[in-house]
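Presented below is the structure to which this report refers.
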Amino acid sequence: MKFYLLPLLLIAAFQAFSADPVLRFTLTKADGKITAYEFFIPNEDTDQGTLLSREEAVQRQHNAGVAALVWAKKFYGAHEIYLRSVELQDGPMPYYLAKFDGELAGKRQVFFAVVLNSGSVLEPVERFQGTSK
């Protein structure tokens, strides 16, 4: 029974997220490690087909920006973070893409957050690349 449980969990995990990342970018972390980040959108966000009034859409975009900023400060550990944009990305699974810049590893860098329509902020998959020289 245990033998069958692991493959089922792996299949469920792969099906819960899209196969291709919606965003890839690299960043030099505070410790000097160059890291690539990939954001994957889950296949099952429950709030996709709702038509919103202009006021509701603006409020949702604002809320996504606030959630993204709070999350980005903790996740990236950058200083002097500026939220540059929050844009709704259309597709089968719409999401908000927040773009930031901030001081990290001694220089200004650009980084991102992805917020689902539900208001949940996605954590990216991290891939270690090496160290900066």
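Quick notes
- Matching residues in the range 1-30 - criterion: being over 13 Å from E126 (Cβ atoms), assigned to a loop (DSSP other than H, G, I, E, B) and either modelled with pLDDT of 50 or more or over 20 Å from the mean Cα position of the chain (by Cα) (or both): M1, A19, D20, V22, A30
- Neighbours by Cβ (under 7 Å, 6+ apart or cross-chain): first from the range 100-121, within 28 Å of N43 (Cβ to Cβ); second of a type in the set (F, W, Y) and outside any strand (DSSP E or B): F111/Y76; A113/W71; V121/W71
- The residue that is surrounded by the fewest Cβ atoms within 10 Å (Cβ to Cβ), counting only those in the range 85-129 that are closer than 14 Å to Y37 by Cα and aromatic (F, W, Y), is F128.
- Of all the listed residues (E87, E103), the sole one being over 30 Å from T50 (Cα atoms), at pLDDT 95 or above and either touching a Cys at 6+ places or on another chain (Cβ under 7 Å) or part of a strand (DSSP E or B) (or both) is E103.
The values are calculated or read from the model by the stated rules, or taken from the named source; none is laboratory data. Predicted, not measured: the structure shown is a model, and the values here were computed from it. Ideal geometry is used to build each Cβ from the backbone, glycine not excepted, and the neighbour counts take in all protein chains shown.
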